[in-house]
Amino acid sequence: MNALDRVYPRHQFWIAASISLAASFTALFTTGCKPSTTNPVNDVANAPTSPDTRPVVVVVNYPLEYFAQRIGGGDLIQMTFPAPENQDPAYWEPSSSQIAEIQSADLVLLNGADYAKWTLRSTLPWSRTVVTSEDMAEELIQIPDAIVHSHGPEGEHSHAGLVSETWLDPDLAVRQARVVCDALCGRLPAHKAALEARFLGLERDLKTLAEELDKILGQTEVRWLSAKPRFHYLLARYDINPEVLHWEAVESIKSSQWESLASRLAGESAVLIWSEPPLDATRKRLLEEGVQSVVLDIAASRPREGDFLSVMRGNLQSLHAIHEELADHPGSVQPRK
Amino acid sequence: MSDVLYLAWRYLAYHRFKAGLLVAAIALVLYLPIGLNLLLQRGSRQLTARAASTDLIVGAKGSGLELVLRSLYFQSDVPADLPFSAVRRVASSGFADAIPIHAKYRAGQHPIVGTSIEYFSFRALRPSSGRLPAQLGDCVLGARAAGRTEARVGGQVMSSPESVFDITGVYPLEMNVVGILEPTGTPDDDAVFVDVKTAWVIAGLGHGHEEPAAGEGGSVQASPALKNYTEINDENRSTFHFHGEQDKFPITSIIAVPRDDRSAALLEGRFLDPADSLQIVRPDEVLADLLGTVLTIRRYVMIGIGLLAIATLALMVLVFLLSMQIRRQEIETLANIGGSASRIRAVLLAEIIGVLMAGAAVATLATLATVWIAGPAERLLIAFG
């Protein structure tokens, strides 16, 4: 061992030399390093598959459920109408978990015309959502005081809005059913013939309903009132635009509302359509004012008995009864073509 | 041999400042071309991968590059809006699915991307915790955005006002974090995803009904309880509504996912009319132009670096030669104490090799660091675009 070794131990030198050598060799290889990149798999937006091969179809109201069931049947589709039976589907607000389930559906059928406002505030799968009244933009009815509520210091006030109950006009119902059929054919192209045949059967039934309606409403000339803005499409067939009172069936009518009605009628008689039975006192007072009450079921929810067509026929019977009572009003209103 | 290396090591250690300068110069000369190539390679690879995975983008007429960069990377200037009716136009063609993109606003440094649920399956984005957006006000954070904001599922994230000087502008929106996505190594990691309708609320197109405290005589009392931001919660969500026709509401672009190549071509044909206010672009073609420009500039930069390297090497040779002149006495001493000429030459050579290897080592470390931080490489290229 020489003098330098004693003063400067060799192991320090060798450690430094080893590190330098190792670093230099890695320099030769680092430029060839392939950086790892994780790129997402390019998946096209497809509906998740359900365990059952039948597509899951979600609807927002009973008429669409009826149309989809008539056309798709229990053999070809799985039907889901998530709104509870004891709630008006138009005002039902699903939870986030319920919306997540709806997002996984193969097809979501919306009514459109602002029906079921939760759909305007929810994240729905655009590619699998069909608005059944989308081609009816010209026919949709907007009324200036569709929504009445109270908030802030200004108190009760109204907003313009669309009337949503498009299915009450059998012709519009046929068009919505046609859209449902097209949507199902898109999902089940192998069963197109069967779906079309079923649609034709439904179309026949709805057209028969329209003819029966024409015989009644087409023959009745009377002033029409509506407790809520729900029956416009039913009456628009005959160019009738009912006046909306915004009365609640289960509440007592205020004197200011009676005064407003009296000034509106100016002694003329009228028929007031309700979507649920009014209080007896209200009905009695209306008769005194020369106003007949008729209750029509808008069929937005699944009926306890029967089906959509039987509910509509029930409405026809109620209208027929009114027609009979108003038999002394001659003349008729031509049905809209 | 060990004595040669030892002496070389001791010399360099003694003249550490000079050695350090030489090591730094060599490291720079070696690292610059490697690092630049690496950055451009990784950046262009990531850019082109994301563009290649997106067939078509529809947007307002204007800069195609701006449209692509905003739609894919949520950066660059915001292109002109297009109406939401364009989504129906694409979807109703039957040739492609349409995914709307609204990428105008930010939550701090993170872009707020309003889109549809299909975007998540298109980009294979899955939540690592929580769920995807379901309701107005819900937001889902990319992995990096969640890390930086320290937001958790159940927490809130606030949108940024467009201009701090806009006192008449829309209030920021406090969004509810319902999910955090798995990391993907893409710009999606930096984004805050909402439903496009939530983006419209931020834009002021929708609102709910807040109840400020009523003062005497029907006046409104602006108390400290009056919030200067909008929030959407379970209590007030049902009051939110939009004014105007949704078809006219603005979006930034549409990602069109064609069914096949033929459908893509047919869809492109629908936008050929020069009078059409919309355009359809292929992102990979648009970015190829950008990368072509970048690669051209790289060529010139590499030439410059090459010339610099030659000059640096020449200077280093000069430094070594001058050093040997200065060390003449030292070399004579080595010879006098018994060092042979070959041994002395070996010591000098070992010093040179040592400096070179140390420079290479530093260049290696710098390259490794570049690999680690190469994520911003994309942003550099986008900023260049």
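Ordering B:Y300, A:Y115 by accessible surface, largest first, gives B:Y300, A:Y115; the 1.4 Å probe counts only protein heavy atoms, with every chain in place. Per residue, the accessible area of segment A:78-140 comes to 40 Å², computed with a 1.4 Å probe over protein heavy atoms only. Both numbers refer to the Cα atoms of segment A:225-309; Rg and Dmax are 13.6, 41 Å. Averaged over the residues of peptide B:129-137, the number of Cβ atoms from other protein chains lying within 10 Å of each residue's Cβ is 5. Note that segment B:1-134 shows a convex hull volume over its alpha carbon atoms of 239 Å³ per residue. Computed with every protein chain present, the accessible area of B:T239 is close to 40 Å² [probe 1.4 Å]. Which entries in A:K117/A:K192; B:K104/B:K197; B:K61/B:K104 show an alpha-carbon gap greater than 20 Å? From the list (A:K117/A:K192; B:K104/B:K197; B:K61/B:K104), the Cα-Cα distance tops 20 Å for A:K117/A:K192. Take every pair of alpha-carbon atoms less than 8 Å apart whose residues are at least six positions apart; their mean separation over the length of segment B:40-112 yields a relative contact order of 20 percent. With a simple spin-label model that places each label point 7 Å from the Cα along the Cα-to-Cβ direction, the separation between B:D3 and B:R270 comes to 8.7 nm. Restricting the calculation to alpha carbons of segment B:110-154 gives Rg and Dmax of 10.4, 27 angstrom. Annotation: per residue accessible area for segment A:219-303 equals 44 Å², rounded to a whole number [probe 1.4 Å, protein chains only]. Within 10 Å of the Cβ of each residue in A:114-126, the mean number of Cβ atoms contributed by other protein chains is 6.
Placing pseudo-labels 7 Å out from each Cα toward the beta carbon at A:L326 and B:I373 gives an inter-label distance of 8.1 nm. The calculated FRET efficiency for the pair A:S318 and A:S104, based on their C-beta separation and a Förster distance of 60 Å, comes to about 0.90. Averaged over the residues of B:119-126, the number of partner chain Cβ atoms lying within 10 Å of the residue Cβ comes to 4. Scattering from segment B:230-357 was approximated by placing one identical point on each alpha carbon and applying the Debye formula without solvent; log10 I(q)/I(0) at 0.12, 0.13, 0.18 1/Å stands at -0.81, -0.88, -1.09. Report note on the peptides A:83-95, B:126-138: ranked by the mean count of other C-beta atoms within 10 Å, highest first, their order is B:126-138, A:83-95. Applying 1/(1 + (r/R0)^6) with R0 = 60 Å to the Cβ-Cβ distance of B:E332 and B:N236 gives a FRET efficiency near 0.05. Mean Kyte-Doolittle hydropathy of 0.0 or higher plus an axial Cα length of 30 Å or more: which whole DSSP H helices in chain B meet both? Qualifying helices, which must be both long enough and hydrophobic enough, are B:16-52, B:283-326, B:341-372. Surface burial for B against A, with a 1.4 Å probe and both sides summed, reaches about 4500 Å² of accessible area. For the set B:R270, B:R123, the ranking by accessible area, highest first and with no ligand, DNA or RNA atoms included, is B:R270, B:R123 under a 1.4 Å probe.
Computed FRET efficiency, Cβ-Cβ of B:A314 and B:E182, R0 60 Å: what is it to the nearest 0.05? Step by step, r from the Cβ atoms, then E = 0.70. When nucleic acids and ligands are ignored and a 1.4 Å probe is applied, B:K18 ends up with an accessible area of around 70 Å². Computed from phi, the 3J(HN,Hα) profile of segment A:96-102 under the Karplus parametrisation 6.51, -1.76, 1.60 (θ = phi - 60°) reads 5, 5, 5, 5, 4, 5, 5 Hz, with x in place of Gly and Pro.
The values are calculated or read from the model by the stated rules, or taken from the named source; none is laboratory data. What you see is a predicted model; the values in this text were computed from it and never measured. Because the Cβ atoms are built from the backbone with ideal geometry, glycine has one as well, and the counts that use them run over all protein chains shown. Ligands, DNA and RNA are stripped out before the accessible areas are found, and what is left, the full protein with its side chains, is counted by its heavy atoms. Shrake-Rupley method; radii C 1.70, N 1.55, O 1.52, S 1.80 Å.
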